[in-house]
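The structure appears right after this line, and notes come after that.
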Amino acid sequence: MNYLFEGQVAGTRYREPSLEHIIKAARTCSGINKPVTLHWLRHSYATHLLEAGTDLRYIQELLGHSSSKTTEIYTHVSNLNLSQITSPGDFIKF
């Protein structure tokens with residue numbers, strides 16, 4: 001697997017404690033006083049993907065969930081407005 005940002009050893013991923021340290025430093029530099037965690041960033045990423053129209057199956061794959069039930073949690077927190085969903089019939093020109 002290729003990683004955009006590798007760990008200390010080429011071809012390996014960043015370890016969770018290293019990522020948490022980076023997030024804590026970025027939070028401090030930005031002046032954010034609220035807690036920020038890797039889980040919250042992951043959750044926000046998935047929610048934004050869903051709200052942007054990304055298929056839930058792709059989000060499941062990106063997050064590495066083995067069960068679609070785990071990924072479906074994000075459907076409950078999304079602000080996706082059902083009236084914004086485009087039906088394939090909307091593209092038919094008469």
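The numbers here are math on the coordinates, done by the rules we state, and not lab data. What you see is a predicted model; the values in this text were computed from it and never measured. So basically every Cβ, Gly included, is an ideal-geometry build from the backbone, and we count neighbours across all protein chains shown.
What list do you get for TYR3, TYR74 if you sort them by fewest beta carbons within 10 Å? Intermediate results must be reported in sequence, preceding the final value.
Numbers: TYR3 11, TYR74 21.
Lowest count first: TYR3, TYR74.
Between ARG13 and residues 5 or more places away or on another chain, which pairs have amide H atoms under 5 Å apart, with H built 1.01 Å from N, and which residues are they?
So ARG13 has HN proximity to GLY7.
Just one of [x] 15, 50, 29, 5, 0; [y] 13, 31, 33, 15, 6, 2; [z] 13, 40, 30, 14, 2 is P(r) over Cα pairs in 10 Å bins from 0, in percent as worked out from the coordinates here. Which one is it?
[y]
May I ask for the net charge around THR37, where only other residues with Cβ less than 13 Å from the Cβ of THR37 are counted and Lys, Arg are +1 while Asp, Glu are -1?
Here the charged neighbours net out to +2.
Report the charge-dipole magnitude of the chain in Debye, nearest 20, computed about the Cα centre from +1 at each Lys and Arg Cβ and -1 at each Asp and Glu Cβ.
240 debye
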